[in-house]
Amino acid sequence: MTLLNETLAIGTASVSDNLNLKQHLNTPSEAGQTLRASVETALHNYFAHLEGAEVTDVYNLVLSEVEAPLLETVMNYVKGNQTKASELLGLNRGTLRKKLKQYDLL
């Protein structure tokens, strides 16, 4: 379980302000990497294994790989309450519903 998941799932820290969340995202996980470093490592590995293959839409690929578990974890944390989830994420409730449908989480 990542530090973000632990923080959201068991409430080891308040996520009421972005500064506190950012501090936790920049704290190394049990594996010794921050979320940012984990993403960088994953991207370096991805590009290293392409072996010259053409790729497109990497931006959306990365967003979907990060956004889906973010939404799922937040929805679990708020016990399915979309209003609370939209407030926690800073999203309009309609946008949240659209994204939940997009990732088959609704």
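Each value in this text was obtained by applying a stated rule to the coordinates, not by laboratory testing. Keep in mind that what you see is a predicted model, and the values were worked out from it rather than measured. Cβ placement follows ideal geometry from the backbone for every residue including glycine, while neighbour counts extend to all protein chains displayed.
Tabulated values for the structure
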quantity: Residue match in the range 46-57 (condition: small (Gly, Ala, Ser) and under 18 Å from LEU105 (Cα atoms)); calculated: no
quantity: Tally of residues being of a type outside the set (A, V, I, L, M) and within 22 Å of LEU43 (Cβ to Cβ) across the range 64-101; calculated: 6
quantity: Pick from the range 60-92, criterion charged (D, E, K, R) and surrounded by fewer than 14 Cβ atoms within 10 Å (Cβ to Cβ), ranking: nearest to VAL39 (Cα to Cα); calculated: GLU65
quantity: Any hit, the range 77-95, residues being at negative phi, without any contact (Cβ under 8 Å) to a residue 12 or more places away in the chain and acidic (Asp, Glu); calculated: yes
